[in-house]
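Shown next, in structure tokens, is the structure this report addresses.
The values are calculated or read from the model by the stated rules, or taken from the named source; none is laboratory data. Note that the coordinates shown come from a computational prediction; the quantities given were computed from them, not determined experimentally. No Cβ is skipped: glycine too gets one built from the backbone with ideal geometry, and neighbour counts run over all protein chains shown.
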Amino acid sequence: MKTANQDIKPITTKINSNGNIEIGGCDLVELANKYSTPLYVFDEATIRGITKSYKEAFKSYPKMNMMFASKAFMTKAICRIMEEEGFGLDLCSGGEIYTAHSAGFNMAKTLFNGNNKSFDELNMALEYGVGTISCDNFFELALLNNIAQSQNKKVRILLRITPGIECHTHEYIQTGHLDSKFGFDLTQIDEAIELIKDEYLNLNLVGLHAHIGSQIFEKQVYYDEIDVIFNEIKRIKDKFNIELHEINIGGGLGIKYTEDDKPISIYEIAETITESIEVHCKKYNIDEPVLFIEPGRSIVGTAGVTLYTAGSSKQVPNGRKYQAVDGGMSDNPRPSLYQAKYTVEIANNPNGTPNETVTIAGKHCESGDILAKDIMLPEIEEGDTICFYNTGAYGYSMSSNYNRVLKPAAVLVNNGKSDIIINRQTYEQLCESDIIPDRLSNKC
Ligand code: LLP
């Protein structure tokens, strides 16, 4: 069965009686007028639909822990939706822990990841009651054990391992290959276990964790990842007589940014994962482990679009036509970072004939600030509302104030209602952390 990550547009997208694009029952042109642009628009039905697909696809596996990788899009409202849908949260910084906690999220259902967690972050994780910590390296094991000791706690940990699996995705978003900065090399696991067993008595090792990369289109890599994890579990059992009952296989399922992308469905990936677990449990005579998955992009990516207003345009004589919009690499750095491609439409003219090759440029002082290069669109007029699909994941979460451009607002749409979930930043907020030291204050 097809799932929403295999479509370019949010599930509620249609053209309404005004001839405009509508999502979640809301006219995108009206949203642009009401909230101004750039604007992130999130379709609640698509987010919830995807979480339901995950639950349905894994329903044959009872020991399931679905965690939303909040790095893809983290706000208090999304924490609420995830909680309602029965998802936990994968957190990877003090900021994400703080956000989840301030949203009132059940912290026992959170997991803390990262390759350089600080003393303060680990301390905070324990104080706030984060459920599980995925330990990445020797330094962290020692640090965490000390903190746990000082708080008189025994902490549930997973060991993050590097499974040595390469997936075919952009080099910057591969993580499971052997020389990755994340996790213990397979040859270091035994030393880590010796330490936990003999010295780090405030750590309770419950399982192994791996994550192979992001925007993955293949099933086989998950099968192979599980193979590596089970080989280690079996080896650890034989060598140390320690039984690990939990595995975390990370996130990574891809979405469809353009017609060239062919992501697999959530059902297909669930089948591969559960089949691989079944085969390996039989092979090694091991009980089915608790299974964590941490999808991020596939949960919120398709649900989100970004609206811009068309501004200046430039026809280079005998060259490109540029159409500038009122945002750019500060609200979406993915095109300049990863050469990411997007599907674009004119929200107030979705039925126009694409008869012009145009390059959509951002407003930042940088030639590389191009959001979409040489795409076919109907002729754009100044003031048009330009819609970029599939910006829900790693858009807002990677946004910046480059050129002191304000971070956009985000709205959640559903059944004709739109609610602000992130306010547009103000100039006052932009400057609120700035301090002029006294010795520079003569002028004032
Ligand atoms: N778990 C771990 C340990 C991760 O590092 C990540 C993503 C995920 C889960 C979620 O992966 P997802 O399901 O979203 O693929 N900024 C890049 C993506 C970086 C992904 C980092 N880790 C981009 O915009 O493409």
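Miscellaneous remarks
- For region 36-54, the candidate set comprises residues that are among the aromatic types (Phe, Trp, Tyr) and not in a helix (DSSP H, G or I); within that set, the residue that is farthest from residue 89 (Cα to Cα) is 40.
- Applying the criterion of at least 3 residues that are away from the ligand (no atom under 15 Å from the Cβ), of a type outside the set (Gly, Ala, Ser) and in contact (Cβ under 8 Å) with a residue 12 or more places away in the chain to the strands (runs of 3 or more DSSP E) found wholly in region 243-341 leaves 304-315, 321-325.
- Filtered by the rule that a residue be surrounded by 21 or more Cβ atoms within 10 Å (Cβ to Cβ) and under 26 Å from residue 41 (Cβ atoms), region 93-122 gives 96, 100, 105.
For every residue, the table says whether it meets (1) buried (at least 21 other Cβ atoms within 10 Å of the Cβ); (2) in the same structural domain as residue 295 (by TED's automatic domain parsing); (3) of a type outside the set (S, T, N, Q).
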residue	(1), (2), (3)
15	no, no, yes
24	yes, no, yes
27	yes, no, yes
35	no, no, yes
50	yes, yes, yes
59	no, yes, yes
68	yes, yes, yes
71	yes, yes, yes
74	yes, yes, yes
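- Residue 229 vs. criteria away from the ligand (no atom under 16 Å from the Cβ), among the β-branched types (Val, Ile, Thr), modelled with pLDDT of 95 or more and touching a Leu at 6+ places or on another chain (Cβ under 9 Å): no
- Note on region 398-424: residues that are under 30 Å from residue 335 (Cα atoms), surrounded by fewer than 16 Cβ atoms within 10 Å (Cβ to Cβ) and of a type outside the set (A, V, I, L, M, F, W, C) total 6.
- Region 259-318, residues that are touching a Lys or Arg at 6+ places or on another chain (Cβ under 8 Å) and aromatic (Phe, Trp, Tyr): 284
- Residue match in region 419-431 (condition: more than 24 Å from the chain's Cα centre (by Cα) and hydrophobic (A, V, I, L, M, F, W, C)): yes
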